[in-house]
1. Taking the range 168-178 only, how many residues are assigned to a strand (DSSP E or B) and in contact with a helix residue (DSSP H, G or I) (Cβ under 8 Å, 6 or more places away or on another chain)?
2. Hand me the list of helices (runs of 4 or more DSSP H) wholly inside the range 260-332 holding 3 or more residues that are closer than 18 Å to Ala23 by Cα and open to solvent by less than 50 Å² (accessible area, probe 1.4 Å).
3. Could you pull out the residue among Glu363, Glu354 that is touching a Lys or Arg at 6+ places or on another chain (Cβ under 7 Å), within 30 Å of Glu315 (Cα to Cα) and outside any loop (DSSP other than H, G, I, E, B)?
4. May I ask you to list the residues in the range 421-447 that are open to solvent by 30 Å² or more (accessible area, probe 1.4 Å) and touching a Phe, Trp or Tyr at 6+ places or on another chain (Cβ under 9 Å)?
5. Give Leu279, Leu258 a once-over and let me know the one that is modelled with pLDDT of 95 or more and either within 15 Å of the ligand (Cβ to nearest atom) or not charged (D, E, K, R) (or both).
6. Only one of (1) open to solvent by 40 Å² or more (accessible area, probe 1.4 Å); (2) under 26 Å from Arg48 (Cα atoms); (3) of a type outside the set (Ser, Thr, Tyr); (4) touching a Phe, Trp or Tyr at 6+ places or on another chain (Cβ under 7 Å) is not met by Ala157, so which one is it?
7. For Leu242, all conditions in the list (1) open to solvent by 20 Å² or more (accessible area, probe 1.4 Å); (2) away from the ligand (no atom under 15 Å from the Cβ) hold save one; what is the number of the exception?
8. In the range 9-59, which residues are open to solvent by 60 Å² or more (accessible area, probe 1.4 Å) and modelled with pLDDT under 95?
Amino acid sequence: MTSKVRFAPSPTGNIHIGNARTALINWIYAQQKNGEFILRFDDTDTARSKQEYADGILRDLSWLGIEPDQIEYQSKRTDSYRKITDDLISRGLLYACYETPEELDRKRKRLAARGKPPVYDRTGLKLTDEERTALEREGRQPHWRFVLPNYDSDPFAPKRTEIHWDDLVRGEQTVDLASISDPVLVRADGSWLYTLPSVIDDIEMGVTQIIRGDDHVTNTGVQLALFDVLGASAPQFGHHNLLTTASGEGLSKRLGSLSIQSLAEDSYEPMAVASLAVLIGAAGAVEAMPSMPALVERFDISAIGKSAAKFDMSELDSLNKKLVRDLEWSDVKDRFGDDIFAGNGSNFWPAIRENLEKVSEAEDWWQRIMDAEPVIDPEDRDYVGLAKEYLPPEPLDENAWKSWTDALKVPSGRKGKALFMPLRKALTGMDHGPDMAKILPIIGREKTMARLS
Ligand code: GLU
């Protein structure tokens, strides 16, 4: 059977590196299995979902190199959800509840005070038709809970009911359905939480693997029970560990700096972001993979670890630097305008790339070098004057720097740093920077002579 996976974000904000991890792991898994990747917008929460966020997610995935094989919106599939919800209600598997959030909170606190787990007591299931009518007359709208199959014949006497699955990442998993509250599937305003639509979609779209964050492990217990009552065999599940910030906080859509959009705007290489997002928190070194096929080749879902992984910006910087160093002019030239580097990009790029953390910094270096104000220390003035006499004639090529400085050794009596540094400072105004052998031909003889004066 062909693999079909899905990435199911709620379009309620920009996706961050942690969401990208889920998307990439799914997409890579599909590539490894020659399968398909569905992008499914979990947008049943109509108040918070926005098309602009859905568009942003598509744009961010595309930046990372992901083009979905299929795109779905839950908001367009409500007929199916309605039908199945009605069916579950008529089978007595969904029941109406009327507690307000405050009442539920009070119940939880009372349980906690008695040292009990905060499991819902199924009050809604006890209500008679008359009681329900009376509550609705008070203006209350019901929300609907799924009665978990954790009892023999009396739902008010739940017993330990283990659900097992063999997780693609975590191995053998167990959730006890008696330890969970009956989940709310439909809100009082009639909208669905993602739990049931997700299962319906996974069945109707033929999803074969559900790969998502390990914050969903408990939900998987619930959803396996839903697959069962809907008469479907469940897909395989895989729960990957989550990313946290360097200080250990969970990532949230509000953390703008780690959004894919801001990383793209900050000129990070998509492959640096993708490599880190996928390889962090797993066995093996985090390396900068040069291309998606290489990352697909390298990735192993079973190597993902179980504890949370810290996302560290400095690790991203170092992967980015490594990738930039290996990029050729042909890889990057489209990112710059036509007139960039005075038409000398094929020479300037290899000269500068080792000094860059990001490709975009090349322009800055170009300006600094082209507009450099010579720096000549008083004690080097004579030496710099002498250097002028020994500068080789045009055209200056890659050997010019060596032959120039070699020729200066004897007449100046200088060597090492004393020989090179005054020339670097005169030519570039800086005491550090790219390899002078590569930069000298780019500065050219005329500018060099002027800077030595
Ligand atoms: N919309 C859910 C989420 O983003 C989807 C979970 C799932 O992949 O099933 O958490």
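1. Here is the first cut: in the range 168-178, the residues assigned to a strand (DSSP E or B) are 171-176.
Then drop every residue that is not in contact with a helix residue (DSSP H, G or I) (Cβ under 8 Å, 6 or more places away or on another chain), which leaves 173, 175-176.
Of the residues in that region, 3 qualify.
2. On the way: elements: 260-265, 270-279, 292-298, 313-325, 329-332.
Correct list: 260-265, 270-279, 292-298.
3. Values: Glu363 fails: touching a Lys or Arg at 6+ places or on another chain (Cβ under 7 Å).
Testing whether each residue is touching a Lys or Arg at 6+ places or on another chain (Cβ under 7 Å), within 30 Å of Glu315 (Cα to Cα) and outside any loop (DSSP other than H, G, I, E, B) leaves just Glu354.
4. Within the range 421-447, Asp435, Lys438, Pro441 qualify.
5. Within the list Leu279, Leu258, the selection yields Leu279.
6. The one condition Ala157 does not meet is (2).
7. It is condition (2) that Leu242 fails.
8. Within the range 9-59, Thr46, Ala47, Arg48 meet the criteria.
The values are calculated or read from the model by the stated rules, or taken from the named source; none is laboratory data. Just so it is clear, the structure is predicted and the values come from calculations on it, not from any experiment. Positions of Cβ are backbone-derived with ideal geometry, glycine not excepted, and every protein chain shown enters the neighbour counts. Side chains are part of the model used for accessible areas, which takes the heavy atoms of the whole protein and leaves out ligands, DNA and RNA. Shrake-Rupley method; radii C 1.70, N 1.55, O 1.52, S 1.80 Å.
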